[in-house]
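**Q** First the structure, which I've put down as structure tokens, then a few questions once you've had a look.
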Amino acid sequence: MTTLVMLSGGLDSTACLYKLLLETDGPIHAHHIRLINREGRARAEQDAVEAIVAWCRKHLRPFRYSESALDFSQLEAIPIDWMAIAYVACQVAIDTPGCRRIAVGILAADLDETRRRVSESQRRVFDAMYRYYRARKLGEPEVEWIYPVYALDKAAVAALLPAELRAFAWSCRRPVTTEDGYRACGECKPCRKRAEVAQATKLAL
Ligand SMILES: [Zn+2]
């Protein structure tokens with residue numbers, strides 16, 4: 001049974017991949033979606049993912065890795081991430097022999113009532129699409145969504161990760177372009193949360 005890990009390059013999905021590679025021995029397929037939109041965070045996330053994948057392969061165990069891209073950069077609105085993830089997870093699950101589990105890095109601590117519904121909606125979107133493949137006799141009969149870091153809060157996620165992986169993981173939604181690349185804005189919600197966790201845990205983040 002293969003587990004597909006949807007890897008954004010943030011702390012939570014990185015912890016998800018790390019935990020599964022460390023604590024399970026079944027095949028893992030990590031997949032990153034280059035979500036290109038007006039926020040301009042695709043480059044930073046991809047750099048993070050490349051470093052994370054290389055580190056995990058070197059220090060943990062081999063696994064399959066793939067990428068896809070959704071380019072919405074010419075739209076005014078910013079499309080909803082969880083729908084893109086459900087859509088892509090469906091295509092990748094079909095492409096992954098024996099894929100019976102999909103892992104995503106959602107934390108219970110981050111879930112209010114609205115986001116809990118989002119998580120259910122994400123599975124429903126996936127199920128609706130997956131049925132069309134099953135009608136063609138493709139894919140596994142059952143696919144379960146798992147949440148390996150669900151019980152952790154952000155501080156526990158940060159503490160779980162080795163320092164190098166923590167440093168690679170990217171959180172900022174609106175990176176600022178600089179002369180030699182980009183930097184975190186320090187102002188968006190994930191940036192502020194990361195700073196708060198760094199201060200509370202005394203970890204370099
Ligand atoms: Zn930011």
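**Q** Here is a check on your reading of the model: is LYS202 within 16 Å of the ligand (Cβ to nearest atom), modelled with pLDDT under 95 and among the basic types (Lys, Arg)?
**A** No.
**Q** Look at region 120-140 and say how many of its residues are touching a residue at least 24 places away in the same chain (Cβ under 8 Å) and either under 22 Å from the mean Cα position of the chain (by Cα) or surrounded by 14 or more Cβ atoms within 10 Å (Cβ to Cβ) (or both).
**A** The number of residues fulfilling the criteria is 10.
**Q** Working carefully through the options ILE106, ILE146, find the one that is surrounded by 20 or more Cβ atoms within 10 Å (Cβ to Cβ) and either β-branched (Val, Ile, Thr) or over 24 Å from PRO27 (Cα atoms) (or both).
**A** Residue meeting the stated conditions: ILE106.
**Q** Quick test of your reading of the structure: MET129 fulfils all but one of (1) part of a helix (DSSP H, G or I); (2) at pLDDT 95 or above; (3) closer than 17 Å to ILE146 by Cβ. Name the failing condition by number.
**A** Just one mismatch for MET129, condition (3).
**Q** Considering only residues that are acidic (Asp, Glu) and crowded, with 19+ Cβ neighbours inside 10 Å, look in region 1-53 and name the one that is farthest from VAL104 (Cα to Cα).
**A** Top of the filtered list is GLU45.
**Q** Looking at GLU76, GLU50, which one is among the acidic types (Asp, Glu) and at pLDDT below 95?
**A** GLU76
**Q** Criterion first (away from the ligand (no atom under 16 Å from the Cβ), under 19 Å from MET6 (Cβ atoms) and crowded, with 20+ Cβ neighbours inside 10 Å) does LEU165 satisfy it?
**A** So LEU165 fits the description; yes.
**Q** Looking only at region 18-41, how many residues end up being part of a helix (DSSP H, G or I) and out of contact with any Pro (no Cβ under 9 Å at 6 or more places or on another chain)?
**A** 2
**Q** Could you give every pair whose Cβ atoms fall below 8 Å, whose first residue belongs to region 177-200 and is basic (Lys, Arg), and whose second residue is in a loop (DSSP other than H, G, I, E, B) and more than 10 Å from the ligand (Cβ to nearest atom), counting only separations of at least 6 or pairs across chains?
**A** The qualifying pairs are ARG194/LEU205.
**Q** If you check ILE78 against the conditions, is it in contact with a Phe, Trp or Tyr (Cβ under 7 Å, 6 or more places away or on another chain) and part of a loop (DSSP other than H, G, I, E, B)?
**A** For ILE78, the condition - in contact with a Phe, Trp or Tyr (Cβ under 7 Å, 6 or more places away or on another chain) and part of a loop (DSSP other than H, G, I, E, B) - is not met.
**Q** Still on this structure, I have one more. Can you find a residue that is farther than 16 Å from LEU17 by Cα, surrounded by fewer than 16 Cβ atoms within 10 Å (Cβ to Cβ), within 13 Å of the ligand (Cβ to nearest atom) and at pLDDT below 95 anywhere in region 180-190?
**A** For region 180-190, residues farther than 16 Å from LEU17 by Cα, surrounded by fewer than 16 Cβ atoms within 10 Å (Cβ to Cβ), within 13 Å of the ligand (Cβ to nearest atom) and at pLDDT below 95: present.
The values are calculated or read from the model by the stated rules, or taken from the named source; none is laboratory data. From a predicted model like this one, the values you see are computed outputs, not experimental measurements. Neighbour counts are summed over all protein chains in view; Cβ atoms, including those assigned to glycine, are modelled from backbone coordinates with ideal geometry.
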